[in-house]
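Visitor: Below is one structure. I have some questions about it.
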């Protein structure tokens, strides 16, 4: 019996993870309603794009690029310098949802990923609203 495909494989591997990240940051950069989220990032999104790509690669079940280069992600600790509340979480989720929709991903995969992304995005909150 073959093991179940990982989210990384179901998404389409490296090329698709890169596309998802690029769409995510392109949307964040272009949408006025995502201003608060965009302001949490540096003027250039180059480093953010690469780090999210590397992180998602491993998080989705593919190569552990982020941990190989930087060690344990320590997501919450790395995000503590930024004020993240419900609005920022919801903007992040909206941006990721749109990015997946633009890619026309399988609906069941989108739903699974949205649930997983929400748990992580909600965990990043460090401000009570």
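The values are calculated or read from the model by the stated rules, or taken from the named source; none is laboratory data. Only a predicted model underlies this, so the values are computations on that prediction, with no experimental measurement involved. Please note: Cβ atoms are built from the backbone with ideal geometry, for glycine as well, and neighbour counts cover all protein chains shown.
Visitor: How many residues does the stretch 3-25 contain that are part of a helix (DSSP H, G or I) and in contact (Cβ under 8 Å) with a residue 12 or more places away in the chain?
Guide: Restricting attention to the stretch 3-25, the residues satisfying the condition of being part of a helix (DSSP H, G or I) are 7-11, 14-25.
Retained after the next criterion (residues that are in contact (Cβ under 8 Å) with a residue 12 or more places away in the chain): 7-11, 14, 16-25.
Qualifying residue count for the region: 16.
Visitor: Turning to a different aspect of this structure: Out of all the residues in the stretch 107-129, which are in a loop (DSSP other than H, G, I, E, B) and loosely packed, with under 13 Cβ neighbours inside 10 Å? Full working, then the answer.
Guide: If we filter the stretch 107-129 for residues that are in a loop (DSSP other than H, G, I, E, B), which is where we start, we get 124-129.
Passing the criteria: 127, 128, 129.
Visitor: What pairs come out if I take residues in the stretch 56-70 that are surrounded by fewer than 20 Cβ atoms within 10 Å (Cβ to Cβ) and pair them with residues that are part of a loop (DSSP other than H, G, I, E, B) whose C-beta lies under 6 Å away, six or more apart or interchain?
Guide: From residues that are surrounded by fewer than 20 Cβ atoms within 10 Å (Cβ to Cβ), the pairs are 58/64; 61/6.
Visitor: Restricting to the stretch 59-86, name every residue that is at pLDDT 95 or above and touching a helix residue (DSSP H, G or I) at 6+ places or on another chain (Cβ under 7 Å).
Guide: Selection gives 60, 61, 62, 63, 64, 65, 66, 67, 69.
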